[in-house]
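> One structure coming up, written as structure tokens, with questions to follow.
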Amino acid sequence: MCGIVGYTGPNNSVGPIIEGLSRLEYRGYDSAGICLKVENELQIIKKEGKLDNLKELINLHKPFSHTGIGHTRWATHGAVTTDNAHPHGNEIFAVVHNGIIENATTLKKDLFHEGYQFKSQTDSEVFLVLLTKFFNEGNSTLISISKAFSSITGNSAFVILEKASDKLYAIKRSAPLVVGENREFREAYVSSDPFALVGFAPRIYFPEDGVICEGIVTGSEVTVNFYELDLTHSNRYKFQSNSMSVDATSKGPYEHYMLKEIYEQPALIDKLAAYYIKNEGRKILDEMKGFRAQEWHITACGTAWHAGLVIKNFLEQVNHQKASVDIASEFRYRHPILNHGDVGLFISQSGETADTLASQELCKEKGIPTFSIVNVEGSTLFRNADKNFLIHAGVEIGVASTKAFTLQALTGYLMGLAMKGSLDDSLHYSEIKLLSNRISDLCGQSDFIKDVAEQIYTKKGFIFTGRGKYFPIALEGALKLKEIAYVHAEGYAAGELKHGPIALIDEDIVNIALVGPELLEKTLSNVEEVKARRGIIVVVGPKNHPEVEQIADAYIPLDFNGLQNLSPLYVNVALQFLAYHIAKLKGTDIDKPRNLAKSVTVE
């Protein structure tokens, strides 16, 4: 993985491909490359490192081509080198690939014995060699693609360019892929993300697994064809207009996208509540009135998993419905007991997270209904779910998720209110509005959190602790700090410290203690245990509380009044600011942290 863009049309393909790849930089990558059909030859230009390195090479060569494919790679197989960068090509084809070919080692061994050579350490080149093998046996390009794709296992998306024509080909299995067309300018596009095609392709198509896509520009027309693996025409794709706006991704006055996205949260909370309570989303939630699951199987990865833990608390405490929460990469392999009446609830910002999709597939195989809480309409998770709850967060550029977490958890809360028949309860709506206002106030006064960050950013480790509904926030706060500041941070239930982690405490370890009004005395007793061992105490807790102020070396006071259910989301925003300011003081790449990808499309 990570980013794919392809173009064919009357203009120079370099411009839209590089622009598309630039838009996908936020997803994380370690090399970039482009393949262009130039004078009936396939010209590959690629380089490890940032996209700017590739741009320098392109400016040096100044190529012109009507057809090309580009890729930003996040390494899975093989080191970060120019040889391992995509595209991979030979005298017949060039390919770019997202995903993993699980049987690549076996296939590579067989192909090597047949006399085929490999230029890289990647699994991706195996598909190129297979494609070439079948073509050399006398098959057409479409048949060769079908045979090569049928030979591999694992989740993947491929885009193929051939020397013999200006056609673009693409195919996928459980990996993101979108095909676009611009009939006015006679252009066809393909990408791993519709955002790359905004402003270029007003019509986009989402093909299903195993559908071969073919983009052709001939004379005055552009045509996109879809074929099954047996080469019969396919209608297994979804069409939609690409109405996304590029302006939505401007940083505006903010230094980083992450900071902008933190500040966007109050308005997005208001918008989400209005959508589901007063506007068109109300119909979706009204269908949930009185709904009960025997058990909710909540499954997600990373930040979305933490949102799932918050939603579990809502479902059990507000709705008195049983819920379990699984990390998606573990869900299938523990052989979960799935019964009639259970529901799978899958949470993902992108809707393309490979482990989450695989877990959803297991539930569908077992006949369990699947619901999604997702940000991207038309994503694979969205298309495969029986019921979808969009979070309407807009494009989230920062790799470290902020606004998506808040809106995922809030969407789960609104689902709970709908099942309880409490959507019109003014107290609940008032609490959501109060959450928005409190976060807005926090955004306006965040300099005091920067002051706290300045006191602790040089310390060697951070332990986040919380009890009850704040425990998931301790996990999320620690993850955020790890992601963007590159420091060791762990989240624990506060009462669990004395069962092992307290051995880590010394004068260079910071305890970020989340102290809510609930279980306050018990939580403070855990803080005392850390303080007695010379740990540095930063308390995020109720304002104007003398006992809290006395115990803390640094204090982030918050107004919890009126936030009975939603206070965890309020506390989490304070931790987002804390992680941001620590990372900024340490000088890290906040929006594109090292080694991370925004949408993890491999297992």
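> Sorted from largest down, give the three principal axis spans of the alpha carbons of the chain, whole angstrom values.
Between the extreme Cα coordinates on each principal axis of the chain lie 80, 51, 46 Å.
> Charges on Cβ only, +1 for Lys and Arg, -1 for Asp and Glu, centred on the Cα centroid of the chain; of 211, 180, 35, which one is farthest towards the dipole's positive end?
Value: 211.
> Same structure, new question: Using θ = phi - 60° and the Karplus curve 6.51 cos²θ - 1.76 cosθ + 1.60, what whole-Hz ³J(HN,Hα) does each residue of region 98-104 get, with Gly and Pro shown as x?
Those phi angles translate into 10, x, 9, 8, 5, 9, 4 Hz.
> A further question on this structure: Roughly what angle does helix 124-136 make with the longest principal axis of the chain, taking Cα atoms, 0 to 90 degrees, to the nearest 10?
20 degrees
> Can you tell me the mean projection area, over all orientations, of the convex hull of region 144-273's alpha carbons? Units nm², please.
In nm², the orientation-averaged hull projection of region 144-273 is 11.1.
> Quick one: which residues, 5+ away or cross-chain, put their amide H under 5 Å from the amide H of residue 203? H built at 1.01 Å from N.
Result for residue 203 returns 181, 242.
> So, one more: Tilt of helix 141-151 relative to the longest C-alpha principal axis of the chain, in degrees (0 to 90, nearest 10)?
That helix lies at roughly 50 degrees to the long axis.
> Need the full-extension length gain, residue 586 to residue 426, defined as separation in residues times 0.36 nm minus the C-alpha distance. One decimal, nm.
53.2 nm is the gain from fully extending residue 586 to residue 426.
> Inverting the mean 1/r over all pairs of different Cα atoms, compute the Kirkwood radius of region 504-564 and quote it in Å.
11.6 Å
> Hey, can you grab everything whose amide H is under 5 Å from the amide H of residue 321? Only 5+ residues off in sequence or another chain; H modelled, so Pro and N-termini drop out.
316
> Karplus couplings for region 192-208 from phi (6.51 cos²θ - 1.76 cosθ + 1.60, θ = phi - 60°), rounded to Hz, Gly and Pro as x?
Values, residue by residue: 8, 8, x, 4, 5, 9, 4, x, 9, 10, x, 10, 10, 10, 10, x, 7 Hz.
> In the neighborhood of residue 341, defined by Cβ-to-Cβ distances under 13 Å, what is the net charge if each Lys or Arg adds +1 and each Asp or Glu adds -1?
Net charge around residue 341: +1.
> Skipping prolines and chain starts, which residues have an amide H placed within reach, meaning under 5 Å, of the one on residue 327, given they are 5 or more residues away or on another chain?
none
> Could you name the aspartates and glutamates whose alpha carbon sits less than 19 Å from that of residue 46, not counting residues in the same chain fewer than 8 places away?
Here the aspartates and glutamates satisfying the reach criterion relative to residue 46 are 19, 25, 30, 56, 83, 91, 123, 125, 162.
> Could you tell me which of rounded, prolate or oblate describes region 251-443, using a ≥ b ≥ c as the square roots of the eigenvalues of the alpha-carbon gyration tensor, with rounded for a/c under 1.5 and, failing that, prolate when a/b is larger than b/c and oblate otherwise? Don't jump to the answer; show the numbers that get you there.
Details: a/c = 1.94, a/b = 1.28, b/c = 1.52.
Because a/c hits 1.5 or more and a/b fails to exceed b/c, region 251-443 counts as oblate.
> Normalise the Debye intensity by I(0) for region 293-376, one equal point scatterer per Cα, no solvent, then take log10 at q = 0.21 Å⁻¹ and round to two decimals.
Treating every Cα as an identical point scatterer, log10 I(q)/I(0) equals -0.91.
> Against the longest alpha carbon principal axis of the chain, how many degrees, from 0 to 90 and to the nearest 10, is the axis of helix 426-444 turned?
80 degrees
> Also: Inverting the mean 1/r over all pairs of different Cα atoms, compute the Kirkwood radius of region 2-248 and quote it in Å.
17.7 Å
> Moving on. Which of the pairs 283/433; 420/469; 469/531; 251/543; 167/260; 172/387 have their Cα atoms more than 28 Å apart in this structure?
Violating the 28 Å limit, Cα to Cα: 251/543; 167/260.
> Now, a different point. With label points built 7 Å along Cα→Cβ from the Cα atoms of residue 364 and residue 41, find their separation and express it in nm.
4.5 nm
> Evaluate the distance, in nm, between pseudo-label points positioned 7 Å from the Cα of residue 240 and of residue 544 along their respective Cα→Cβ axes.
4.7 nm
> Need the full-extension length gain, residue 267 to residue 534, defined as separation in residues times 0.36 nm minus the C-alpha distance. One decimal, nm.
Residue separation times 0.36 nm, minus the Cα-Cα distance, leaves 92.0 nm.
> What are the ³J(HN,Hα) values, in whole Hz, obtained from phi via the Karplus relation 6.51 cos²θ - 1.76 cosθ + 1.60 with θ = phi - 60°, for each residue of region 155-172 in sequence order, with x given for Gly and Pro?
Each residue's phi maps through the Karplus curve to give 8, 8, 10, 10, 10, 10, 10, 10, 5, 7, 7, 9, 7, 10, 10, 8, 7, 8 Hz.
Only the coordinates and a few stated rules stand behind these numbers; no lab work does. Just so it is clear, the model here is predicted, and its values are computed rather than measured. Using ideal geometry, Cβ is built from the backbone for each residue, glycine included, and neighbour counts are taken over all protein chains shown.
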